[in-house]
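I am attaching a structure below and will ask some questions about it afterwards.
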C-alpha cells in the first residue's frame, strides 16, 4: 500500500509543477491523483493503527478490494488522458513542460499498475481463508 502513496505523490507533484490549468484534461488528472493520494493515505493509516479491529462491522477485505479496483479504473482513465495530451509540438510555452508531463504520464502508468496489483492481492485476501503460512503449518 505504500507504493501507490509514494508514486502517486510523485505523479501529482510533477503535474502540479507544470501549468496544468491551461489544459482541461489535466484538471481531471490532478483531481484523480490528489484525491486518491489523500484517500489511500487515510486508508493506510487506518490499517496501520488497527481500525479493522475497532470497526468490525466493515468487511475490510472486500472494502479494500473494491477501493483498489475503483482506484485502478480511475487512475487508468487519468493516465490515458495524461498520455494522450502529451504533445511536444502543441504550443511553444508547453514545450518547456513536455518532459515533465511525459514523466507524469509514465508515473501515472506505474501508479495504475501498483493500484491494479493491490487490487489483485486484495482480491486474493478476500477470496482466501484469511490465514497465512505460519498459521497453517503450525500443528494444533
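If the elastic network links every pair of Cα atoms under 10 Å, which of 116, 17, 70 fluctuates the most in the Gaussian network model of the chain?
Of 116, 17, 70, the Gaussian network model singles out 17 as fluctuating most.
Right, next: So what's the angle, to the nearest 10 degrees on a 0 to 90 scale, between helix 24-48 and the longest Cα principal axis of the chain?
Taking Cα atoms only, the helix is inclined about 20 degrees.
Angle between the Cα long axis of helix 2-16 and the longest principal axis of the chain, 0 to 90 degrees, nearest 10?
Taking Cα atoms only, the helix is inclined about 20 degrees.
Hey, another quick one. If contacts are Cα pairs under 8 angstrom and at least 6 residues apart, what is the relative contact order of the chain in percent?
35 percent
Further question on the same structure: Taking Cα atoms, how many degrees apart are the long axis of helix 98-127 and the longest axis of the chain, rounded to 10 and kept between 0 and 90?
On a 0 to 90 degree scale, this one is about 20.
Quantify how much of the Cα-Cα distance distribution of the range 2-129 extends past 26 Å, in percent.
In whole percent, the long-distance tail amounts to 28.
Bear in mind these aren't lab numbers, they're just calculated from the coordinates by the rules spelled out. Nothing here was measured: the structure is a model prediction, and the numbers come from that model.
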